[in-house]
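Data first, discussion second: the structure below is written as structure tokens.
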Amino acid sequence: MPTERRPQRHDPAPESGSDPAGVQRIDPRPALTLEEVLELLVHEELLPPDQAADITARRATLRSQVLKEKVGSLRSQAAARYSVTPAEIVAIARVPHPKNPQRRIDEDLVAENLARRAGLDYLKIDPLRVDNDLVSKTFSRPFARHHAVIPIERRGDTLKIALTDPLDSALRESLENSLSNPLEYVVSAKTDILAIIDRVYGFRSKVSKAQQELGGGSRGGALVQLVELRSNDELASGNDDEHVVAAVDYLLNYAFEQRASDIHLEPRAEDAVFRFRIDGILHEIETVPKSVHGAITSRVKVMAGMNIAERRRSQDGRIKTHRADREVELRVSSMSTAFGEKIVIRVFDPSVLLADMQDLGFSAAERERYEKWITCPNGLILVTGPTGSGKTTTLYSTLRYLSGPEINITSVEDPIEMVDPRFCQVQVQPQIDIGFAQALRTILRQDPDIIMVGEIRDSDTAQMAVQAALTGHLVFSTVHTRNASGAVTRLTELGVERFLLSGVLRGVVAQRLVRRICERCAVEGRLNADQVAALGLKVPTERRDQLKVRWGEGCVECRHTGLYGRVGVFEMLDVGRRIRTLINEGKDANEIARAGRIEGMESLRDSAVRSLAEGVTTFEEVVRLTADTE
């Protein structure tokens, strides 16, 4: 079977000049001037003439702002080499979109209109769909970065090339003369193109150099409390001989940029694969040689304070680093597999875990009910749901909401998900006989006002949590049950006396996460009769085709899923007089759930359907989410 012919890497012939690396390049001046771009935007009624005049007058200031944002320093060598485009100057002005106040005139919008003027397609680049080999083997890094041009894909013999200035005839002529393949052009934002260049060339070059230097072994290091990751610009400009260290920095930076919640480093028979979980879906990112995977694994273990010499037993560790202006915690787990150690890094971003109460997804009625519970001076509040349902986010956000200098908040967790200075956090350590129950006994002697128990798993912990609530403390905890009413019977099964439980339980929240509809590609439609029947909606026959919903058609922003981000849906059981009576009588979960609905509890399915009706999520997400809740 013939192998696929890939284009050889070329640095297209120059018209003039050469860069410090000896790579010839053409005149860096763009074919388009700022005035031409502004004229185009005014013609398309995206920019009023007075704002266009203002941008022209502030050209020098805006250019300096671009350099400061992109390079960091106006007087550095990188700033001297960086060619600021008219699209970047327009974007940095942050002019509101005239038809969509939530959006600004950015590089994507300018690129879209330039493409239309040139008769080409506009492409919003999906970094997870770029052919990394094709990018790295077609152009050298200096040429690709200087001219903001990369190959996107290969169809037969035709190369699809993304560039920022479709009217730069000198660049296009140079590309066509130097590359032997037929070329197809698309227009993309410079920021997107440079991000691909930095990731592909930077990560690949460090992996390649690491592979050359590694002799099968790997180095260890000291425990790192706070790891400072370098930015992609710093990694690109530095002469770093620690190639494995740089490769890990590239990998983590890229995971943060792509909103990954988990990073999987998985060894295989001949190589290793890196995967990111984004909005609950795993995406394959890179493959690397087996030897480099071992070195990267060792580097991650060093950062996490783990024993790099131990490769057979599972280990856990933590990494704390900076992302922009906030600290991000990473929880690292290693496991021995048939082909070597697998590492999974879970990303705990404080902007997600420590969300504001109004951002959790509560409706107005749910928020009011929840606030009534959490402002009680004492009692037990439970949050239920499977792994990955957002319980930790709800609890941490609640503790943050309640925290203050006059409040003593103490938590016992296994493990501590995120260190927060506003709480006193205790780590469960079974190896020295510190479990949830043992830690709770000690915490009760530490004058707490609010206690958070990471999870009620056994009879001792359940008994201690109830005792803490009985003795005047407000206690939060989690249990693994399908719905809210199931948490009540779960505690009685663990040996909690029914009369004690009915006296201390204030409420139970059952929750799930549904994926949001992507606002960039959202469209409106209607449910069909089969979908209405599947949801069990009681709608008159003549109105079944009138139920409006939304869904996403799919775009690069949402990875062509039509969904972007997640939000909670909730079932909230308020333990009032009726529910307390049923608990004392030993009624089962079904009877308690029926009584809860009589008193206004909305089931998880009903809550998800409401989100569907409000245009937050899709029919498929509702069906997927509620399959195990009834």
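Okay, here's what the table says:
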{"item": "Zone of Thr492's modelled label, taken as backbone nitrogen in region 580-624 under 16 Å from a point 7 Å along Cα→Cβ", "result": "580-596"}
{"item": "Summed side-chain charge close to Ser334 - residues other than Ser334 whose Cβ falls under 15 Å, Lys, Arg +1, Asp, Glu -1", "result": "+4"}
{"item": "Percent of Cα-Cα distances greater than 22 Å, calculated over region 34-193", "result": "46"}
{"item": "Stretch gain in nm, segment Ser314-Asp356, where the contour uses 0.36 nm per residue and the Cα spacing is subtracted", "result": "11.6 nm"}
{"item": "Mean Cα-pair separation over length for region 34-193, i.e. relative contact order, pairs under 8 Å, 6 or more apart, %", "result": "19"}
{"item": "Semi-axis lengths (Å, descending) of the ellipsoid that matches the C-alpha gyration tensor of region 482-630", "result": "36, 18, 11"}
{"item": "Ranking of Thr384, Thr321 by count of other Cβ atoms within 10 Å, fewest first", "result": "Thr321, Thr384"}
{"item": "Point-charge dipole on Cβ atoms (K/R +1, D/E -1) for region 34-193, about Cα centre, debye to 20", "result": "680"}
{"item": "Sorted by Cβ neighbour density within 10 Å, fewest at the top, the residues Glu329, Glu371", "result": "Glu371, Glu329"}
{"item": "Under-5 Å amide H pairs with Arg516, H placed in peptide plane, nonlocal only", "result": "Tyr564, Gly565, Arg566, Val567"}
{"item": "Across Lys137/Lys190; Lys99/Lys124; Lys68/Lys160; Lys124/Lys391; Lys320/Lys391; Lys320/Lys372, pairs whose alpha-carbon gap is larger than 25 Å", "result": "Lys68/Lys160; Lys124/Lys391; Lys320/Lys372"}
{"item": "Whichever aspartates and glutamates have a C-alpha closer than 19 Å to that of Lys70, once near sequence neighbours (fewer than 8 apart) are set aside", "result": "Glu88, Asp106, Glu107, Asp108, Asp165, Asp192, Asp198, Asp233, Glu234, Asp249, Glu257, Asp325"}
{"item": "For peptides 573-581, 332-340, 106-114, sequence by mean Cβ density within 10 Å, most packed first", "result": "106-114, 573-581, 332-340"}
{"item": "Proximal lysines to Lys538, defined as alpha-carbon separation beneath 23 angstrom and excluding residues fewer than eight positions away on the same chain", "result": "Lys548"}
{"item": "Protection proxy ranking of 451-462, 586-597, 308-319, 553-564 - average other beta-carbon atoms within 10 Å, highest first", "result": "451-462, 553-564, 586-597, 308-319"}
{"item": "Relative packing of peptides 49-60, 480-491 - highest average C-beta neighbours within 10 Å first", "result": "480-491, 49-60"}
{"item": "Calculated FRET efficiency for the pair Arg59/Glu553, C-beta based, R₀ 35 Å, to 0.05", "result": "0.40"}
{"item": "Around Glu366: net Lys/Arg minus Asp/Glu count, Cβ-Cβ under 12 Å", "result": "-2"}
{"item": "Region 322-475, relative contact order [Cα under 8 Å, separation at least 6], %", "result": "21"}
{"item": "Burial ordering of Ser174, Ser291, Ser188, fewest other beta-carbon atoms within 10 Å first", "result": "Ser291, Ser174, Ser188"}
{"item": "Nearest-0.05 FRET efficiency for Asp133 and Glu257, computed from C-beta distance (R0 25 Å)", "result": "0.75"}
{"item": "Rounded to whole Hz, the Karplus (6.51, -1.76, 1.60) HN-Hα couplings of region 574-580, x for glycine and proline", "result": "8, 8, x, 4, 4, 5, 4"}
{"item": "Cubic angstrom per residue, convex hull over Cα atoms of region 241-297", "result": "69"}
{"item": "Local net charge near Arg520, Cβ-Cβ under 11 Å (Lys/Arg +1, Asp/Glu -1)", "result": "-2"}
{"item": "Calculated FRET value between Glu519 and Glu371, using beta carbons and R₀ = 22 Å, to 0.05", "result": "0.15"}
{"item": "HN-Hα J in Hz across region 515-527 - Karplus 6.51, -1.76, 1.60, θ = phi - 60°, x for Gly and Pro", "result": "7, 7, 6, 5, 6, 6, 10, 5, 10, 9, x, 9, 6"}
{"item": "Karplus-derived 3J(HN,Hα), 6.51/-1.76/1.60, for each residue of region 139-154, Hz, glycine and proline x", "result": "10, 6, 4, x, 5, 4, 6, 5, 9, 6, 9, 9, x, 9, 7, 10"}
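Bear in mind that the values in this text are calculations on the coordinates, not laboratory data. Owing to the predicted nature of the structure, the values given are computational and were not obtained by experimental measurement. Glycine gets a Cβ as well: all are built from the backbone with ideal geometry, and neighbour counts include every protein chain shown.
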